[in-house]
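Below you'll find the structure, written out as structure tokens, and then a few comments.
The values are calculated or read from the model by the stated rules, or taken from the named source; none is laboratory data. From a predicted model like this one, the values you see are computed outputs, not experimental measurements. Cβ placement follows ideal geometry from the backbone for every residue including glycine, while neighbour counts extend to all protein chains displayed. Note: areas computed on protein heavy atoms with side chains; ligands, DNA, RNA excluded. Shrake-Rupley method; radii C 1.70, N 1.55, O 1.52, S 1.80 Å.
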Amino acid sequence: MQSGCSKPMNTKNEKAKKGICFITMNMSENCNLNCTYCFVRKSNPLNEARHMDRRTALAAVDFLAGASGDHDCCQIRFFGGEPLLNFDTIRETLSYARGVFGRLGKTVVFSLATNGTIMRDEVKRFLKDEDVKVSISIDGDGVAHDINRKLPNSEGSFRLIEPHLGDFLEIDPNALIVTTMTSSNTGIYRTFEFLHARGYRNFRTELVSTIDRGIRVGEEEIVRLTGNYDALADYYTGLLKAGDRVNINDFTKFIWRMIAEETVQYYCGAGKYYVNISSDGRLYVCHRFISNGDFIVGNVFDGITNEARMESVVPSVDDKPRCRECGIKDLCGGGCAYDTYIMFRDFFVTEEIRCRLMECQINNARKILHDLGDRRGEALQGAYDIFRRSYLSTERKGEDISGRIAGIALPEKFEPLRVKK
């Protein structure tokens, strides 16, 4: 496999390459679960069988290849719904993409987001042999997970995942655990301990995006959640000092931004270098907008046909009035566009709970660096290797960033940054 892939960091000073380098493909908008916070289910409330057909899938590959512009490496993420419900098309799409990008002299890498309940020997062999990076949605131990991630009959789904926890690590030793934080699931410290003890070493959380007050994180829950983050950061620091190779992306993504010595201009790449593709081939500016036709920007057969919408969804952090003088803006990027849209129908405002969460994560990232002291470069090298493998698409052999981490200037006394009130 070629090396040298890198994911844009959304910084002000980076020389942005032109084109799309990342797509998520909704291989199926059907699912065998009925999770309370699923945004895909909003677009398919009856859970009808909507699988991407072969013609659309191969056209999606051609679209990415044609739209990739200056990018010499692209990523395809098989998404859903539950993508493994359409395994045969995944297999054919991957093979086709390798040929298309190989003829262009470009690298293409693959990842898969799954609910972890569907696994058989054939699938396991394929994902491992083809070096597909895997992320599994798990919200904690059986009790925590089953609160929101249920089967259609309202039974919990963890019993279907637990037998496969070892399988995913065999497929991908850096398999990523993705946990969604809701009003009933703020115990991320316990979730980390539970899954780390089972061999996982790559973690990321997402704050639920919804206006449903029943599951949305509010004032009471954000206090519990930030307290969990404070405790997790201290525990993580101890693991790093002990030489444990583990990546908690909620903290480390900000450390990598500090290494870049550049300020973040955008929260994410939606409308910049990333689009989502629905099962019928429509292009959306982001996968979270799948239930809203206002955010269709084209289709895989005709390409991008609404450039104005592409450019309007994720504004620069400097274009958001509250962000301009905020203490964390240069590491934050202004927050999730989907979140502010569903709350306020406005991309230029910020959402208080998410701002407080971001403040907590950024300050804990800075504190981790401070507490590691002179050992921070060596301690975080392993975390960076995992990060590169799962987020930046391919391993860069021999890349040592310990010196750059050690070179981050830190004040003698730790002082937290503050969100603008």
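Quick notes on this one:
- Flag for residue 341 being within 21 Å of residue 181 (Cα to Cα) and at pLDDT below 90: no
- Condition check for residue 106: surrounded by 15 or more Cβ atoms within 10 Å (Cβ to Cβ), in contact (Cβ under 8 Å) with a residue 24 or more places away in the chain and within 30 Å of residue 70 (Cβ to Cβ): yes
- Members of region 289-314 found to be assigned to a loop (DSSP other than H, G, I, E, B) and either free of Cβ contacts under 8 Å to residues at least 12 places away in the same chain or surrounded by fewer than 19 Cβ atoms within 10 Å (Cβ to Cβ) (or both), listed by number: 291, 292, 301, 302, 305, 306
- Single match in 367, 420, 413 (criterion: more than 20 Å from the chain's Cα centre (by Cα) and surrounded by 16 or more Cβ atoms within 10 Å (Cβ to Cβ)): 367
- Test: residue 255 is within 17 Å of the chain's Cα centre (by Cα), outside any strand (DSSP E or B) and crowded, with 16+ Cβ neighbours inside 10 Å: yes
- Residue among 286, 360 that alone is of a type outside the set (A, V, I, L, M), open to solvent by less than 40 Å² (accessible area, probe 1.4 Å) and within 14 Å of residue 268 (Cα to Cα): 286
- Within region 150-189, considering residues that are charged (D, E, K, R) and out of contact with any strand residue (DSSP E or B) (no Cβ under 8 Å at 6 or more places or on another chain), the one most open to solvent (accessible area, probe 1.4 Å): 159
- Note on region 277-324: among residues that are among the aromatic types (Phe, Trp, Tyr) and within 19 Å of the chain's Cα centre (by Cα), the one that is farthest from residue 419 (Cα to Cα) is 284.
- Cβ-Cβ under 9 Å pairs, at least 6 apart or on other chains, region 48-59 side at pLDDT 95 or above, far side of a type in the set (A, V, I, L, M, F, W, C) and part of a helix (DSSP H, G or I): 51/85; 52/60; 57/90; 58/97; 58/100
- The residues on offer are 227, 214, and the sole one that is of a type in the set (Gly, Ala, Ser), open to solvent by 20 Å² or more (accessible area, probe 1.4 Å), more than 20 Å from residue 252 (Cα to Cα) and out of contact with any helix residue (DSSP H, G or I) (no Cβ under 6 Å at 6 or more places or on another chain) is 214.
- Any chance residue 209 is at pLDDT below 95 and in contact with an Asp or Glu (Cβ under 9 Å, 6 or more places away or on another chain): yes
- When residues of region 317-349 are limited to those that are without any contact (Cβ under 8 Å) to a residue 60 or more places away in the chain and under 21 Å from residue 294 (Cα atoms), the one surrounded by the most Cβ atoms within 10 Å (Cβ to Cβ): 340
- Residues of region 381-400 classified as at pLDDT 85 or above and either over 15 Å from residue 172 (Cα atoms) or part of a loop (DSSP other than H, G, I, E, B) (or both), total: 4
- Per-region count, region 163-203, residues in a helix (DSSP H, G or I), of a type in the set (A, V, I, L, M, F, W, C) and farther than 23 Å from residue 226 by Cα: 4
- Flag for residue 378 being modelled with pLDDT under 90 and open to solvent by 30 Å² or more (accessible area, probe 1.4 Å): no
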